[in-house]
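Novice: This is the structure I want to talk about, given as structure tokens.
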Amino acid sequence: MILVTGSAGFIGANFVLDWFASCSEAIVSLDALTYAGNRENLASVAGDSRHTFVQGDICDAPLVQALLEQHRPRAIVHFAAESHVDRSIHGPAEFLRTNVQGTFTLLESARAYHAKLSADERSAFRFLHVSTDEVYGSLGPDDAPFEETTPYAPNSPYSASKAASDHFVRAYFHTYGLPVITTNCSNNYGPYQFPEKLIPLMILNALSGKPLPVYGDGLNVRDWLYVGDHCAGIRAALEGGVPGETYNIGGLNEKKNIEIVREICALLDELKPSPDGPYERLITYVKDRPGHDRRYAINPAKIMRELGWKPRETFETGIRKTVQWYLDHTAWAENVTSGAYRNWIDTNYTERGTGSGER
Ligand code: NAD
Ligand code: TYD
């Protein structure tokens with residue numbers, strides 16, 4: 001069996017659901033159920049005997065040690081994190097705690113557990129750390145995409161905390177021989193993404209007739225990957241990745257933010273037209289994010305060449321599926337956009353001039 005942290009969040013939940021769709025190996029899930037974690041994301045495997053869900057904090061060393069001793073996983077797949085750049089600007093301390101202290105706690109527990117395994121189990125064990133391309137910093141318009149050898153240059157409290165965690169993971173391989181693998185992925189989108197991130201926020205705001213708040217000039221570039229393709233890349237790295245190595249995962253889909261927003265508007269015009277006219281009328285330019293990275297782009301050649309991974313979705317197929325998913329899951333969206341969510345929207349957007357939604 002494997003231990004998965006952060007499995008009630010966006011990518012973790014997709015990973016668990018995809019895993020059970022293609023394999024029968026058991027999973028123990030560890031998730032603190034912060035604002036971003038939602039048991040409902042795992043509802044379809046709630047009664048499945050292969051899945052055990054534990055609500056708990058990755059910073060809780062006795063709990064993590066007990067789970068390892070009790071369930072004896074062959075791998076840890078580590079998603080749990082504070083993941084939103086804007087929140088890291090408003091409150092960086094929680095990012096330091098979960099992303100750095102939490103990863104450190106898992107590494108320490110894994111090191112003690114690994115040392116007690118038999119020789120065969122020891123060599124088969126993997127600690128797979130899920131990280132981000134944001135650790136590499138920001139690219140200029142003509143720079144080559146990030147490679148695994150690109151120097152780290154994190155610019156936000158979020159990316160700084162992820163970079164710190166990546167360094168600890170690396171050190172545990174070099175110093176203690178813990179068989180770690182790190183994946184650095186570009187921006188994901190797809191089902192179950194919490195609607196504080198660009199794509200679900202724009203879909204849900206458009207459907208409620210609220211402004212579509214584009215930061216700055218809207219020309220920042222992200223390299224978008226459908227979440228199912230990210231999960232397939234993680235599985236490939238878990239099964240075939242070389243301990244101590246890092247793998248960049250990306251969709252070869254560089255897009256400016258304004259292009260993404262326009263594409264979402266066009267899809268909604270087709271799938272759920274508004275009586276008030278095209279959704280683009282709601283696009284509103286707002287105050288930029290401080291320290292806003294201009295461009296991210298991933299070169300995924302290593303994972304494609306060495307592990308045979310490649311993305312299955314183009315941006316066009318992936319975004320259509322995603323918009324359709326949000327249209328089909330309005331109850332999910334209503335559940336996650338209650339009290340605490342509305343406070344966040346007020347915090348982030350009032351200062352940008354769009355308040356909590358009304359123009
Ligand atoms: P998310 O915010 O949707 O989910 C994070 C999950 O971690 C939630 O279920 C939350 O409850 C849980 N969690 C938070 N703090 C915890 C703690 N202290 N103990 C236990 N659980 C805790 O994030 P996501 O978008 O699914 O991202 C998952 C991972 O992938 C993160 O490590 C992130 O850095 C990385 N990543 C995300 C993207 C992206 O575009 N979303 C891209 C590349 C890498
Ligand atoms: P986000 O989804 O927060 O991911 P990240 O900052 O990790 O890349 O944002 C993606 C891009 O969209 C980023 O350049 C910021 C921008 N953005 C907006 O223009 N408006 C918004 O309301 C949000 C949430 C993001």
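None of the figures in this text is laboratory data; all of them are computed from the coordinates on show. Since the structure is predicted, the reported quantities are computational estimates derived from the model, not experimental observations. Here Cβ is always computed from backbone atoms with ideal geometry, including for glycine, and neighbour counts include all displayed protein chains.
Novice: Once amide H atoms are placed 1.01 Å from N in the peptide plane, what residues at a sequence separation of 5 or more from Ala81, or on another chain, have their amide H within under 5 Å of its amide H?
Specialist: For Ala81, no residues qualify.
Novice: What is the fewest-to-most order of Glu306, Glu134, Glu239 by other Cβ atoms lying within 10 Å of their Cβ?
Specialist: Glu239, Glu306, Glu134
Novice: Here's another thing I want to ask about it. Straight-line reach from Lys272: which lysines have Cα under 25 Å away, leaving out those fewer than 8 places along the same chain?
Specialist: In chain and number order, the partners are Lys197, Lys210, Lys255, Lys256, Lys321.
Novice: Enter the mean projected area of the convex hull around the alpha-carbon atoms of the stretch 239-358, in nm², rounded to one decimal.
Specialist: Average of the hull's projected areas for the stretch 239-358 equals 10.8 nm².
Novice: By how many degrees, 0 to 90 and rounded to 10, does the Cα axis of helix 103-115 deviate from the longest principal axis of the chain?
Specialist: 30 degrees
Novice: I've got another one for you. Over the stretch 22-110, what is the relative contact order in whole percent, taking alpha-carbon pairs under 8 Å and six or more residues apart?
Specialist: 32 percent
Novice: Neighbour counts of other C-beta atoms within 10 Å: give me Lys116, Lys162 arranged from fewest to most.
Specialist: Ascending Cβ contact count within 10 Å gives the list Lys116, Lys162.
Novice: Here is a further query. Could you give the angle, 0 to 90 degrees to the nearest 10, between helix 257-271's Cα long axis and the longest principal axis of the Cα atoms of the chain?
Specialist: That works out to roughly 70 degrees.
Novice: Can you work out the FRET efficiency for the pair Glu147 and Asp276, with r the C-beta to C-beta distance and R0 = 35 Å, to the nearest 0.05?
Specialist: Once rounded, the FRET efficiency stands at 0.15.
Novice: Let me ask another. Quote the convex hull volume per residue of the chain, based on C-alpha atoms, as a whole number of Å³.
Specialist: 128 Å³
Novice: Near the amide H of Gly137, under 5 Å away, which other amide H atoms are found, from residues 5 or more places off or on another chain, if H is placed in the peptide plane?
Specialist: Those qualifying (amide H under 5 Å, at least 5 residues apart or on another chain) are Ala153, Asn155.
Novice: Could I ask something else about it? Let me check the size of the stretch 233-306 from its C-alpha atoms; what are the radius of gyration and Dmax in Å?
Specialist: Taking only Cα atoms of the stretch 233-306, I get Rg and Dmax of 18.7, 55 Å.
Novice: Next up: Quick one: if you take sqrt(5λ) for each eigenvalue of the C-alpha gyration tensor of the stretch 114-245, what semi-axes come out, biggest first, whole angstrom?
Specialist: 34, 18, 13
Novice: With a Cα-only, solvent-free Debye model of the stretch 207-266, what are the log10 I(q)/I(0) values at q = 0.13, 0.28 Å⁻¹?
Specialist: One equal scatterer on each Cα of the stretch 207-266 leads to -0.53, -1.15.
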